[in-house]
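Read through the structure below, which is laid out as structure tokens, and then see the notes.
No lab work stands behind these numbers, since they all come straight from the coordinates. Just so it is clear, the model here is predicted, and its values are computed rather than measured. Neighbour counts run over all protein chains shown; Cβ positions are idealised from the backbone, glycine included.
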Amino acid sequence: MPVDWAGYGYAALVASGGVMGYVKAGSVPSLAAGLGFGTLAGIGAYKISEDPKDVWVSLVTAGTLSATMGMRFYKSRKFMPPGLMCVASLLMVAKIGYGMLEKPQQS
């Protein structure tokens, strides 16, 4: 079974973003959201690693973050961190969507 390395990397990026928000600005909501969504993304990556068709946790997590961070980016026009997280989340949604369209491999 292939490991979802992109999903685990995305989970680490989300969680580390929450930690950085707390360290730089003392933002407890950033810490809670980053760790919460990072955990969900990690669970989603684990589920995809176990069964490539079980994409829903990852898809909902990345979709929610892309919408939320996209709105924050639109309002603030600051790339860091909302623009970066929006782009990373959209890339994850695209990766998951592409994986859903692939035909299963025959053995």
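General observations
- Long pairs among Lys47/Lys78; Lys47/Lys95; Lys24/Lys95; Lys53/Lys95, criterion Cα-Cα beyond 24 Å: Lys47/Lys78; Lys24/Lys95
- Along its first, second and third principal axes, ordered by size, the chain spans 52, 23, 16 Å in Cα coordinates.
- The order of Ser27, Ser58, going from fewest to most other C-beta atoms within 10 Å of their C-beta, is Ser27, Ser58.
- Cα pair distances of region 28-83 binned at 5 Å [whole percent]: 4, 20, 21, 23, 15, 10, 5, 1
- MRE, 222 nm, helices only [DSSP H, n ≥ 4, -39500 (n - 2.57), over the chain, to nearest 500]: -27000 deg cm²/dmol
- Charge dipole (Cα centre; +1 on Lys/Arg Cβ, -1 on Asp/Glu Cβ; no other charges) of the chain amounts to roughly 540 debye.
- Against the main long axis of the alpha-carbon atoms of the chain, helix 56-76 sits at an angle near 30°.
- Normalised contact order of the chain, rounded percent, pairs of Cα under 8 Å and 6 or more residues apart: 24 percent
- Residue order for Val60, Val93, fewest other beta carbons within 10 angstrom first, comes to Val60, Val93.
- Proxy reagent accessibility, fewest Cβ within 10 Å first, across Arg77, Arg72: Arg77, Arg72
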